[in-house]
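The values are calculated or read from the model by the stated rules, or taken from the named source; none is laboratory data. Everything numeric here is computed off the predicted structure, so don't read it as measured data. Here the Cβ positions follow ideal geometry from the backbone for every residue, glycine too, while neighbour counts run over all protein chains shown. SASA here: full protein model, heavy atoms, side chains in, ligands and nucleic acids out. Shrake-Rupley method; radii C 1.70, N 1.55, O 1.52, S 1.80 Å.
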Amino acid sequence: MKKLIIIRHGESLWNKKNIFTGWIDIDLSKKGLEEAINAGKSIKKKNISFDYAYTSVLKRSINTLWKILKITNLQWINVFKTWKLNERHYGSLQGLNKEETAKKYGEKQVLEWRRGFKTSPPKIDINHNTYPGNEIKYKNLKKKDIPLGESLLDTYNRVIPFWKKKIVPKIKKNNNIIIVAHGNSLRALIKHIEKISDENIININVPTGIPIVYKLNNNLNIEKKYFLY
């Protein structure tokens with residue numbers, strides 16, 4: 001039986017300040033670094049190994065994975081980084097305090113932006129100072145693929161094709177996989193593999209730094225799911 005381990009990166013500096021982060025490349029806080037270390041220790045304690053690792057191109061996710069690989073002595077495995085596992089792009093909300101934004105637009109609207117499936121946040125334009133197309137890490141992306149703001153559905157539509165094309169074939173060859181990514185890219189994946197409805201996904205939140213382990217059968221159906229604390 002194959003194992004899939006998914007982990008949201010440790011707390012970032014902007015998580016700590018309750019700020020919408022999205023594609024802004026913010027590093028881990030001291031607590032986030034400790035969460036990454038504890039995640040690695042939890043995996044090592046259970047003697048869980050994996051064959052391939054996947055992460056985004058954002059350093060809070062990459063640095064979490066590095067800590068886990070070092071602690072589990074698996075730094076030698078192949079690591080794949082892709083923008084398709086990035087956090088959802090929060091548009092013009094990026095850089096704003098969540099509590100202050102809720103006071104301005106209402107808690108219901110902000111909850112829909114944060115947790116809803118089809119609702120997009122207000123978008124930026126290409127002249128905005130946070131437009132991802134200005135960053136060297138995205139220089140090879142087509143303009144149409146660079147988001148100005150994403151709903152969870154938009155995030156789902158880049159995460160799941162990557163999952164099906166790149167990760168599923170490796171799982172089917174009996175490889176264990178670890179994915180270190182972000183709250184919403186992992187919510188998209190959870191929605192798919194757990195078959196959660198568009199309406200119920202609003203209730204799903206992924207905690208920082210806690211490994212979630214899925215045991216999958218040959219049909220990639222979930223036989224068991226558990227958290228490592």
Exercise for the section: Check the range 59-74 and report whether any residue there is part of a helix (DSSP H, G or I) and over 19 Å from the mean Cα position of the chain (by Cα). Expected result: yes
Exercise for the section: Within the range 47-56, identify whether any single residue is farther than 27 Å from residue 196 by Cα, open to solvent by 10 Å² or more (accessible area, probe 1.4 Å) and without any contact (Cβ under 8 Å) to a residue 60 or more places away in the chain, and answer yes or no. Expected result: yes
Problem - Listing of strands (runs of 3 or more DSSP E) fully contained in the range 153-229 that carry 1 or more residues being farther than 22 Å from residue 44 by Cα and modelled with pLDDT of 95 or more - result: 222-227
Practice task
Kindly indicate whether any position in the range 95-108 is open to solvent by 70 Å² or more (accessible area, probe 1.4 Å), part of a helix (DSSP H, G or I), free of Cβ contacts under 8 Å to residues at least 40 places away in the same chain and farther than 25 Å from residue 129 by Cβ.
Solution key: yes
Practice task
Could you list all residues from the range 1-50 that are over 17 Å from residue 186 (Cα atoms) and among the small types (Gly, Ala, Ser)?
Solution key: 29, 32, 40, 42, 49
Practice task
Working only within the range 8-24, note down all residues that are open to solvent by 30 Å² or more (accessible area, probe 1.4 Å), part of a loop (DSSP other than H, G, I, E, B) and under 20 Å from residue 155 (Cα atoms).
Solution key: 24
Exercise for the section: Exactly one condition in (1) closer than 30 Å to residue 167 by Cα; (2) not in a helix (DSSP H, G or I) is not met by residue 125; state its number. Expected result: (1)
Fill in the blank from the handout: Of the residues in the range 25-46 that are assigned to a loop (DSSP other than H, G, I, E, B) and not hydrophobic (A, V, I, L, M, F, W, C), the one that is least open to solvent (accessible area, probe 1.4 Å) is 29
Practice task
Using the structure shown, decide if residue 195 is of a type in the set (Lys, Arg), within 14 Å of the chain's Cα centre (by Cα) and under 25 Å from residue 114 (Cα atoms).
Solution key: no
Problem - Cross-chain or 6+ apart pairs with Cβ under 8 Å, the range 127-138 first and closer than 16 Å to residue 95 by Cβ and surrounded by 14 or more Cβ atoms within 10 Å (Cβ to Cβ), then among the charged types (D, E, K, R) and at pLDDT below 95 - result: 131/125
